[in-house]
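A quick write-up on the structure given underneath.
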Amino acid sequence: MDVKSAFLNGVLKEEVYVEQPLRYMKRGDGKKVLRLRKALYGLKQAPRAWNERIDGYFKKNGYEQCPYEHALYIKKSKKDMMVVALYVDDLIFTGSNAKLIKEFKEIMKKEFEMTDLGLMKYFLGLEVKQSDEGIFISQERYALEILQKFKMEDCNPVSTPMEPGTKLSKFDGGERADSGRYRSLVGSLRYLTSTRPDLMLSVGITSRFMEDPSYTHWKALKRILRYVRGSLSLGLFYSKSDDYQLVGYSDSDWCGDVDDRKSTSGYVFLLENTAFTWLSKKQPIVTLSTCESEYVAASWSVCHAVWLSNLLRHMGVIRDEAVVIQVDNKSASSWQRTRLITEGASTSTSDFISSENRSEKEKSSWSMSETEFKLRTYLPSHYQLHC
């Protein structure tokens, strides 16, 4: 559902004055101004005022704001549950039965002028296909638009987004490429990784050269497009299940960047054998061994597991059981496990706020002990990630 003219629903707390519209100006009152009682588009207060209005309305009607994702509102009863995701003026919602969904639509239409868009098929560039077996999410249309924009729709496809063993450098001495066009393509491909975790590594590496790219870097980007051309229909299928299990995998190279010798970490979390969240990112430090680089990757995955498992448990998606995280380095796994026993997974990351700024109740809900997840210390090579 979409809220029509959402920002006009906000109530202003400050005194804001505007000039009189020309066609509504009265004779003799040309020097007077008008005081606004509600928000208007263009006001810096408008987005905040709208959010306060819709947030207050949800809470008034029995919805709880999720402590792990503030744009998510949940209403629970003994047997039923309603979940609403808010993105500015767009509402994505689902419920345990059709009656709940119908009631929600009626309540929202009474309070706000709404447009019912029906069953979700397209949202922010994501194509959604729903069936009795599950949900398939892809960006085929968007990927085709990228190929057309860069005149690669008729290119010869390849089987991998990057050639094995490729090592790109800022100082390759090659001819410089158009940096504006390069940045445009990197930005387009980064959005495509919303449903394509197979592109994360190659796009992440090529994005390191946006300031002053060479034709070698541009050639690497075009190879990604050739791979996309041959895999347009790929996406993520989430099958229906009554017993979802969250499993994580972490991995790292060592000194993979030839310029600064920093390593690249990667992790992915699966729900029913389908990627749910993922990351490929260069580490901020130079590690001195494979153990250290793998430890950093494992630490990032554990921190993310704290947030993700709390969120999914709060929504009732997964059971209250240990989350398995697969690590392919025994030393890093032992090191991480020892630290968890002594300190707990309380490292401050962008996924959750530092403990000094949380109440005691929030601190306990964010904590995660060793018994709440398992670090598997060895993986066969065919299970390992290339991050």
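Check every one of the strands (runs of 3 or more DSSP E) wholly within the stretch 252-328 and list those with 1 or more residues that are at pLDDT 90 or above and acidic (D, E).
In the stretch 252-328, there are no strands (runs of 3 or more DSSP E) which contain 1 or more residues that are at pLDDT 90 or above and acidic (D, E).
State whether one or more residues within the stretch 102-121 are under 17 Å from the mean Cα position of the chain (by Cα) and at pLDDT 90 or above.
No; the residues of the stretch 102-121 include none that is under 17 Å from the mean Cα position of the chain (by Cα) and at pLDDT 90 or above.
Examine the stretch 188-197 for a residue that is in contact with a helix residue (DSSP H, G or I) (Cβ under 8 Å, 6 or more places away or on another chain) and more than 30 Å from N310 (Cβ to Cβ), and state whether such a residue exists.
Checked the stretch 188-197: at least one residue is in contact with a helix residue (DSSP H, G or I) (Cβ under 8 Å, 6 or more places away or on another chain) and more than 30 Å from N310 (Cβ to Cβ).
Does E175 fit the bill of being out of contact with any Phe, Trp or Tyr (no Cβ under 9 Å at 6 or more places or on another chain), at pLDDT below 95, among the charged types (D, E, K, R) and surrounded by fewer than 17 Cβ atoms within 10 Å (Cβ to Cβ)?
Against the criterion (out of contact with any Phe, Trp or Tyr (no Cβ under 9 Å at 6 or more places or on another chain), at pLDDT below 95, among the charged types (D, E, K, R) and surrounded by fewer than 17 Cβ atoms within 10 Å (Cβ to Cβ)), E175 does not qualify.
Looking at the stretch 109-215, what helices (runs of 4 or more DSSP H) fall wholly within it and have at least 2 residues that are over 30 Å from G10 (Cβ atoms) and among the acidic types (D, E)?
Qualifying helices (runs of 4 or more DSSP H): 140-149.
From (1) within 30 Å of A298 (Cβ to Cβ); (2) surrounded by fewer than 17 Cβ atoms within 10 Å (Cβ to Cβ); (3) small (G, A, S), pick out the condition that doesn't hold for G204.
The one condition G204 does not meet is (2).
What are the residues in the stretch 7-65 that are loosely packed, with under 14 Cβ neighbours inside 10 Å and small (G, A, S), if any?
Hits for the stretch 7-65 are G28, G30, G42, G56, G62.
I want to confirm something. Restricting to the stretch 227-251 and keeping residues that are of a type in the set (S, T, N, Q) and part of a loop (DSSP other than H, G, I, E, B), which single residue is nearest to W307 (Cα to Cα)?
Once the filter is applied, the top-ranked residue is Q245.
The values are calculated or read from the model by the stated rules, or taken from the named source; none is laboratory data. In this text, all values refer to a predicted model and were calculated from it rather than measured experimentally. Cβ: placed from backbone, ideal geometry, glycine included. Neighbour counts: every protein chain shown.
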